[in-house]
1. In nm, to one decimal, how far is the residue 30 label point from the residue 66 one, both placed 7 Å along Cα→Cβ?
2. Taking residue 96 as the anchor, which lysines have their alpha carbon closer than 18 Å to its alpha carbon, excluding any fewer than eight residues away along the same chain?
3. GNM on the chain, C-alpha springs below 10 Å: top fluctuator among 49, 23, 60?
4. Report the relative contact order of the chain, percent, no decimals, based on alpha-carbon pairs under 8 angstrom and at least 6 residues apart.
5. Taking H placed 1.01 Å from N in the peptide plane, check which residues at least 5 places from residue 28 or on another chain put their amide H under 5 Å from its amide H.
6. When the chain is treated as a GNM, springs tying every alpha-carbon pair under 10 Å, which of 66, 38, 19 comes out with the largest mean-square fluctuation?
Amino acid sequence: QVQLVESGGGLVQPGGSLRLSCAASGSIFSVYVMGWYRQAPGAQRELVAANTVGGTTEYADSVKGRFTASRDDAKNTVYLQMNSLKPEDTAVYYCKAAIRGIGDTRWRDYWGQGTQVTVSS
């Protein structure tokens, strides 16, 4: 069984910072892409940042220069450092990973349970 466990969400004032973590665990052969999505109330889920195993990182335009995604392949963990947070960053943040399990011939997408980030004074 493969699972993604997120941590680090919470309430922060505008201009503040938070760091999210997402760790993949279980019978993992390889992890290709790990990244973050978010979903605000009444909105569709959108990509925030994604890292590939080759080191490429893709960011949503709305977070460029403020958010930094990084990954530790040895720990199968991805991080999202969020600085200069704005009220419009308020959303549930989800970790997503493309993982190939041990004994599996296919890459599969896995999602974390979500962590709430609220930016408010």
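Any read-out appearing in this document is the output of simple, stated calculations on the displayed coordinates, not a laboratory observation. Fair warning: this is a prediction, and the values are worked out from it, not measured in the lab. Here the Cβ is made from the backbone with ideal geometry for all residues, glycine too, and neighbour counts use every protein chain on show.
1. Placing both labels 7 Å beyond Cα along the Cβ direction yields 3.6 nm.
2. Residue 96 reaches 75.
3. 60
4. Numbers: 302 pairs, mean separation 44.0, N = 121.
Computed over the chain, the figure is 36 percent.
5. 102
6. It is 66.
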